Amino acid sequence: DLDTLLLLSDQIRVGMAGNLADYEFIDRNGILVTGAEVDYNGQPAGYTQDPQEDITYISKHDNQTLYDNNTYKIPLDVSMEDRVRVQNVGLSTVLLGQGVPFTHAGSDLLRSKSFDRDSFNSGDWFNKLDFSYQDNNFGVGLPVAGKNQDNWYLMGPRLANPALKPGAADITFSADIFQELLAMRESSPLFRLTTFGDVQDRVMFHNTGPAQLPGLIVMSISDLGGVDLDPHYKEMIGLVNANDEAQSFSANDVVGLDLALHLVQVNSVDDTVKTSSFDPASGTFVVPGRTTAVFVSYESP
């Protein structure tokens with residue numbers, strides 16, 4: 001439901017701010033809260049004091065891979081193209097957030113364990129990594145009974161569905177987008193702030209409160225105040241659109257700003273992200289469905 005979606009969005013915002021306990025932002029209810037005041041299954045979502053204490057991930061060595069988890073959750077009639085986009089939108093919240101990003105081996109290659117949740121005792125045929133970019137290991141058979149048998153009735157039809165198995169072009173495209181996310185992170189120290197103070201002073205979330213557009217996270221990182229950390233960029237604005245349709249978002253505080261799509265995405269292998277736009281006259285961004293777009297403002301030469 002909507003309240004759950006907005007809570008999950010706040011949890012992601014806290015994660016992108018390095019899971020800092022004392023980081024303050026406006027939550028889904030329109031209230032100024034700290035990361036520690038955002039609930040995560042009965043525990044505080046924010047729990048660190050310094051960005052370097054935070055390791056952020058969306059999948060890890062055990063349980064299902066990200067691709068397999070998404071295959072459980074995404075409607076069966078969604079195209080493979082959009083399934084790849086979903087995976088990379090999820091990864092973008094890790095790779096473009098503060099703290100230390102962790103990516104499960106093979107996430108860039110849509111790695112699958114054919115729904116197996118046990119990485120410890122599965123055999124090489126479920127745990128192999130195919131670095132040929134030809135196969136992601138989905139649909140090789142039902143995983144061993146141990147920790148999986150209760151869900152065989154869900155796994156079986158999906159593993160037998162050829163539409164759910166990516167091809168070589170899908171794997172290559174996913175890997176290329178992953179590399180672009182890494183390149184954007186590397187392009188600016190603003191994505192790698194080292195102190196709580198810098199995160200609090202420079203990272204801001206827009207599209208918050210009860211009237212927010214659901215499924216859209218808008219984060220800005222500023223280099224306009226304090227020490228100049230980046231000689232190239234004055235500001236970064238990232239929009240993570242998890243919706244299946246394009247979203248238009250306007251903000252008064254960006255009216256008149258000279259913002260352009262990040263050069264990595266201008267030259268992206270993804271033609272869809274290239275259609276993202278910003279109108280300085282109205283302060284309006286438009287981002288396609290299932291897309292993360294990063295806009296930048298350059299320092300004067």
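The values are calculated or read from the model by the stated rules, or taken from the named source; none is laboratory data. Fair warning: this is a prediction, and the values are worked out from it, not measured in the lab. Cβ placement follows ideal geometry from the backbone for every residue including glycine, while neighbour counts extend to all protein chains displayed. Surface accessibility is based on the protein's heavy atoms, side chains included, excluding ligands, DNA and RNA. Shrake-Rupley method; radii C 1.70, N 1.55, O 1.52, S 1.80 Å.
Structural remarks
- Comparing GLY238, GLY30, GLY139 in a Gaussian network model of the chain where C-alpha atoms under 10 Å apart are linked, the largest mean-square fluctuation is found at GLY30.
- Given charges at Cβ of Lys, Arg, Asp, Glu: the range 128-245 dipole, positive-most of PHE205, TYR233, ASN161: ASN161
- Taking the chain as the region of interest, the number of lysine pairs whose Cα atoms are within less than 18 Å, with members eight or more places apart or on different chains, is 10.
- Coil-residue GluC sites (Glu not before Pro) of the range 202-301, DSSP, other Cβ within 10 Å capped at 15: GLU245, GLU299
- Charge dipole magnitude, Cβ of K and R +1, D and E -1 - the chain, Cα centre, debye nearest 20: 820
- Positive-end extreme of charge dipole, the chain - chosen from VAL273, VAL94, SER112 (charges on Cβ): SER112
- Probe 1.4 Å, protein heavy atoms only - accessible area per residue of the chain in square angstrom: 46
- Here the gap between ILE31 and PHE102, fully extended at 0.36 nm per residue and compared with their Cα-Cα distance, gives a gain of 22.5 nm.
- Percentage relative contact order, the chain, counting C-alpha pairs under 8 Å, at least six apart: 17
- Candidates ASP50, ASP258, ASP22: whichever shows maximal mean-square fluctuation once the chain is modelled as a Gaussian network with Cα springs under 10 Å: ASP258
- Cut-off 11 Å between beta-carbons: net charge of the residues surrounding LEU142, Lys and Arg +1, Asp and Glu -1: 0
- By the combined test of axial Cα extent (at least 15 Å) and Kyte-Doolittle hydropathy (mean at least 0.0), the qualifying DSSP H helices of the chain come to 2-16, 80-95, 168-187.
- Cut-off 13 Å between beta-carbons: net charge of the residues surrounding LEU6, Lys and Arg +1, Asp and Glu -1: -3
- Most mobile of VAL264, VAL86, VAL240 in a GNM of the chain (Cα contacts under 10 Å): VAL264
- Net charge of neighbours whose Cβ lies under 13 Å from the Cβ of VAL38, counting Lys and Arg as +1 and Asp and Glu as -1: -4
- Lys, Arg +1 and Asp, Glu -1 on Cβ, resulting dipole of the range 63-199 about Cα centre, debye, nearest 20: 260
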